[in-house]
Amino acid sequence: MPLRSMIGHEARQMVVDRTLAAVVAVLATVVGYGVYNGASWASFQRAVLREVSREEAARLDSLRARLGSASDSRGVPADQIGMSLGTKEAVMPPGPLSSLVIGQSDLYPYHSRVTTSGRQSGTGDDEIENPTHLLSGRFDLGFVVVSLYPLVILALSYNMLSAEKEQGTLVLLLSQPVLLRTLLLAKVLARGVAVLGLAVAVSLIGFTLARGPTDADGLVRLSLWIAIVSAYGTFWFALAVAVNALGRGSATNALALAGIWLLVVGVIPALANVAVRASYPVPSRVELIQSLREASDRAQAEGPQLGAKFLDAHPELVQGHDEANEFAVQSLAVQDATEAGVAGVLSRFELQLVRQQALVDKFRFASPAIATLEALQDAAGTGAARYRHFLDQVEDFHGRWRDYFRPRILRREPIRTEDLGQLPSFSFREEPLAAVMARVGVGLLGLIVPTLIVGLLGRTAIRRFSVVGQG
């Protein structure tokens with residue numbers, strides 16, 4: 001019997017059984033809810049960024065009007081502009097596919113006000129967020145793919161051979177000129193085409209409903225997303241084949257596959273999370289704030305001495321000009337001392353985050369669920385790597401901002417209307433697509449390798465499959 005005919009027969013059986021229709025209905029419901037949540041979060045982020053932009057524009061318009069008035073026609077002190085009146089926001093727009101998977105975008109700040117103060121001052125702009133959402137994560141399409149999508153596959157494939165065997169039809173089927181592995185292949189292909197096609201379809205629908213970007217970058221990311229979903233589904237089909245090939249009953253197959261699902265999707269990621277946090281604990285926010293206060297208090301107490309040391313260390317900033325503004329010098333010296341005092345905690349925090357992510361990258365090979373989630377977040381632009389990319393740009397902008405204002409503050413050079421157009425500005429640069437593809441490629445490798453291993457085990461087991469009785 002041709003393979004195509006067998007696939008068609010399996011497809012008709014699935015339609016008659018109405019299991020596929022029920023699965024489609026359930027999956028469509030959870031996918032719709034997941035896409036709605038993801039799109040809502042992305043919309044919230046865009047609304048926040050629009051409000052930030054409006055506030056900045058209104059503040060700069062007010063400053064421009066003030067500089068144009070008769071009372072301030074000679075300008076406003078540079079420290080006032082650089083510290084508050086003319087500050088600018090560094091913003092990172094939502095990831096290209098953020099509506100599909102929220103990822104870590106609700107954990108990290110996506111905008112930061114840059115001033116002449118230390119860079120830690122920009123960490124206090126977080127919105128008030130539901131702590132339950134932050135702790136448990138949000139229900140999005142990424143959660144559906146990682147957690148529920150395998151259940152759909154297992155529900156359709158746990159009894160591919162065992163049901164035929166229990167009904168006594170397997171012997172009749174194999175009495176025809178059909179090999180067991182051909183029969184199994186037909187059943188897998190029929191279900192694979194249906195489920196993987198459904199997964200690709202819901203991804204495209206979610207992308208369309210969320211109005212995902214249709215430029216080259218967006219389409220490449222969407223292609224990566226589909227590749228990940230397909231590879232993850234193939235892994236679970238390979239696992240179902242391997243368990244079916246053992247020749248056990250349907251109940252045993254269901255129990256075994258459910259246990260493996262719990263291990264891969266729940267237990268291993270949870271243990272990995274505990275291991276990551278225990279191996280590289282990050283300093284608490286309370287510790288950071290306490291360190292900042294203590295460093296600030298020490299610096300304020302040593303203000304005059306710090307001012308003298310500052311001038312000794314930066315003679316180029318005051319050389320050749322009028323008497324330096326003592327208050328400004330002391331203020332900058334206190335800022336530097338405060339930064340130095342809290343630098344240890346900040347460095348430790350960032351170093352631990354880097355180490356945590358490196359360990360997570362290793363754990364992706366311990367569970368296909370981890371590999372899939374990390375790869376989906378990378379493709380969507382909601383992972384830790386894009387956030388790190390944003391922080392590097394904020395750091396660069398902060399340096400340019402201070403380099404512009406500090407000499408003017410020390411020279412007591414005011415900012416005039418014509419200077420506003422010369423202020424440093426921030427424009428987020430998306431990370432190179434090649435870097436995204438490289439990280440997603442590693443994730444795909446973390447799916448392909450276990451799929452091949454499980455597939456080989458299933459191929460070995462099917463050779464020992466007993467058509468009658470228990471294997």
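The values are calculated or read from the model by the stated rules, or taken from the named source; none is laboratory data. Fair warning: this is a prediction, and the values are worked out from it, not measured in the lab. Virtual Cβ from ideal backbone geometry, glycine too; neighbours counted across all protein chains shown. Please note that ligands, DNA and RNA were not included when accessible areas were found on the heavy atoms of the full protein model with its side chains. Shrake-Rupley method; radii C 1.70, N 1.55, O 1.52, S 1.80 Å.
General remarks:
- Qualifying positions in region 332-345 - out of contact with any helix residue (DSSP H, G or I) (no Cβ under 7 Å at 6 or more places or on another chain) and either open to solvent by less than 30 Å² (accessible area, probe 1.4 Å) or of a type outside the set (D, E, K, R) (or both): 335, 340, 343, 344
Here's the yes/no breakdown for (1) in a helix (DSSP H, G or I); (2) at pLDDT 75 or above:
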| position | (1), (2) |
| --- | --- |
| 275 | yes, yes |
| 282 | no, yes |
| 287 | yes, no |
| 294 | yes, yes |
| 300 | yes, no |
| 310 | yes, no |
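- Note on region 222-251: residues that are more than 23 Å from residue 192 (Cβ to Cβ), touching a residue at least 40 places away in the same chain (Cβ under 8 Å) and open to solvent by 60 Å² or more (accessible area, probe 1.4 Å) amount to 0.
- Residue match in region 20-42 (condition: in a loop (DSSP other than H, G, I, E, B) and among the aromatic types (Phe, Trp, Tyr)): no
- Only one entry of 104, 45 meets the criterion of being outside any helix (DSSP H, G or I) and either touching a residue at least 40 places away in the same chain (Cβ under 8 Å) or touching a Cys at 6+ places or on another chain (Cβ under 8 Å) (or both), and that entry is 104.
- Extreme residue, modelled with the highest pLDDT, among residues of region 1-44 that are among the charged types (D, E, K, R) and out of contact with any helix residue (DSSP H, G or I) (no Cβ under 6 Å at 6 or more places or on another chain): 12
- Region 265-306: number of residues that are out of contact with any Phe, Trp or Tyr (no Cβ under 6 Å at 6 or more places or on another chain), in contact (Cβ under 8 Å) with a residue 12 or more places away in the chain and closer than 22 Å to residue 344 by Cα: 18
- Residue within region 401-412 that is open to solvent by 60 Å² or more (accessible area, probe 1.4 Å), out of contact with any Pro (no Cβ under 6 Å at 6 or more places or on another chain) and either in a helix (DSSP H, G or I) or over 30 Å from residue 112 (Cβ atoms) (or both) present: yes
- Filtered by the rule that a residue be open to solvent by 40 Å² or more (accessible area, probe 1.4 Å) and either among the β-branched types (Val, Ile, Thr) or outside any loop (DSSP other than H, G, I, E, B) (or both), region 60-71 gives 61, 62, 64, 65, 66.
- Condition met for residue 13 (surrounded by fewer than 19 Cβ atoms within 10 Å (Cβ to Cβ) and either out of contact with any Lys or Arg (no Cβ under 9 Å at 6 or more places or on another chain) or under 22 Å from residue 417 (Cβ atoms) (or both)): yes
- Picking from residues in region 346-384 that are modelled with pLDDT under 90, among the aliphatic types (A, V, I, L, M) and closer than 21 Å to residue 106 by Cβ, the one that is most open to solvent (accessible area, probe 1.4 Å) is 354.
- Pairs linking a residue in region 166-182 that is over 22 Å from residue 459 (Cβ atoms) to a residue that is assigned to a helix (DSSP H, G or I) and open to solvent by less than 40 Å² (accessible area, probe 1.4 Å), with Cβ atoms under 7 Å and 6 or more positions apart or on different chains, are 166/250.
- Hits in region 429-471 (condition: in a loop (DSSP other than H, G, I, E, B) and open to solvent by less than 40 Å² (accessible area, probe 1.4 Å)): 431, 465, 466
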